[in-house]
1. For q values of 0.13, 0.14, 0.16 Å⁻¹, compute log₁₀ I(q)/I(0) with the Debye formula on a Cα-only model of the stretch A:6-68, without solvent.
2. Given points 7 Å out from each Cα along the Cα-Cβ axis, report the A:Glu51 to B:Arg21 separation in nanometres with one decimal.
3. Using a 7 Å offset from the Cα along the Cα-to-Cβ direction at both A:Ala179 and B:Asn186, what is the distance between the two label points in nm, to one decimal?
4. For the stretch B:7-46, report the accessible area per residue in Å² (1.4 Å probe, heavy atoms, rounded to an integer).
5. Averaging sequence separations of C-alpha pairs under 8 Å and six or more residues apart, then dividing by the length of the stretch B:6-68, give the relative contact order as a whole percent.
6. Within 10 Å of each Cβ in A:202-209, how many Cβ atoms from other chains are there, averaged over the peptide?
7. What average number of partner chain Cβ atoms lie no more than 10 Å from the Cβ of the residues making up A:22-33?
There are 2 protein chains.
Amino acid sequence: MDKLTVRQQEVLGYLQLYQRRCGTWPSFREIESHFGFRSTNAVMGHLRALERKGYISRVPGQARTFRINLDLGDEERPREAMEVMDIPIYGNIAAGYPDGVESSGEIGRLQIDAGSAGVRRTRHCYALKVRGESMIDVGIFDGDIVVVDQRPPRDGDIVVALIDGESTLKRFMNRPGSAAYLKAENRNYPELHPVSELSIQGVATSVVRHL
Amino acid sequence: MDKLTVRQQEVLGYLQLYQRRCGTWPSFREIESHFGFRSTNAVMGHLRALERKGYISRVPGQARTFRINLDLGDEERPREAMEVMDIPIYGNIAAGYPDGVESSGEIGRLQIDAGSAGVRRTRHCYALKVRGESMIDVGIFDGDIVVVDQRPPRDGDIVVALIDGESTLKRFMNRPGSAAYLKAENRNYPELHPVSELSIQGVATSVVRHL
DNA sequence: CTTGACGGTGAACGGACGATCAGCTATACA
DNA sequence: TGTATAGCTGATCGTCCGTTCACCGTCAAG
């Protein structure tokens, strides 16, 4: 296939972009004004070149009608290797440890890269679908998915805690000079809970929400 | 949402079909001849009804231009195969196109599965690091990463919009009976913006926050 | 020195195409 | 018995928009 000039690539790119943004194709005059041309014939020249080189097709005389035969970014795409975790999503973790082996409450799976998610070991990691609004003030809503790393919490961490047999999100507070406690981040229900043995399941490292 | 008559469903279906087949939208006269009408006004009536009931949007006077807000078969979404996407994360998209070719502002990469992220095509998708607090009331904070799908927005979608040369998150409002506008979800700064040509970069489909 | 590709200006033409007005029938509703 | 709403005919108007013609510049190849 014939290679495109820089200008022709720009025009083709604009066609693709416009189509994706607006759901339709641009008119000659819209292309003209976007590139600052002062004649629609400049547009005509580029479109004819694109058609001659096989990148687009047209229906003569038909307004706002193109067809892209060869996409602009079809060649490059340097695929890098990166460690992607495939972790289970649970609806609740009332039981104790969700070990993967005995994972009954799995409601889906999540793929995310370990590095940016702040997770250390795949085996000790899972995701949890949030119920309730206990952390609404820090932007974690009902239905969100949190990635949980099973590691000891530090002061200020958001943790998954087992309270009354239910797993809930709380902030772990462990200021020097006083006993550690759990705190809900919801100004309407400012709960406080003591930290009991084995109540902390893990530390939330990431939040994912599908809009 | 108001219900459609049989005839109106047929017209909406024809719009969708034509778009899928031809990559563009039909003209009034093409719709007319397809249904055997003898007046373009018959077409006009149906399109006005579809718009009034919120199923489509139009740009008055613009040829072959529609936008489908409510798909005919929006219920049976066939659950796409789980596919991990590797997409770039940008800090800002002020320039114009984030094309991959000219991707200078890439600040990282994100791996996420396309199915649950609500994204359709890898090529038309990227991630954006949020700046500012314009969407703080819906739990999207400064520093969060949003997955952006480049597709036409529907009413209520959270979109990436180009305002004053900066890419910002806003909610796209397109209620039937009034002009579309953009709205910030921050009770302290309740901004409103008009929607201008090409100002909408894409629709936010997921939010990821690393705690 | 010519030739061709590339990129562009400026003006004019003509058809494609959406918008609108007037008027028609049929059905449902109250 | 009036009155909406859906659905459609037929004609006209105005403009959006693709096309074309004439012409001009630069640059590289033969």
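The values are calculated or read from the model by the stated rules, or taken from the named source; none is laboratory data. Model, not experiment: these values are computed from the prediction. Using ideal geometry, Cβ is built from the backbone for each residue, glycine included, and neighbour counts are taken over all protein chains shown. All accessible areas refer to the heavy atoms of the entire protein, side chains included, with ligands and DNA or RNA removed. Shrake-Rupley method; radii C 1.70, N 1.55, O 1.52, S 1.80 Å.
1. -0.29, -0.33, -0.44
2. Distance between the two pseudo-spin positions: 2.2 nm.
3. Calculated label separation equals 4.1 nm.
4. Numbers: 2160 Å² over 40 residues.
For the stretch B:7-46, the solvent-accessible area averages 54 Å² per residue.
5. On the way: 45 pairs, mean separation 17.0, N = 63.
Normalised by residue count, the contact order of the stretch B:6-68 is 27 percent.
6. Partner Cβ neighbours, averaged per residue: 5.
7. 4
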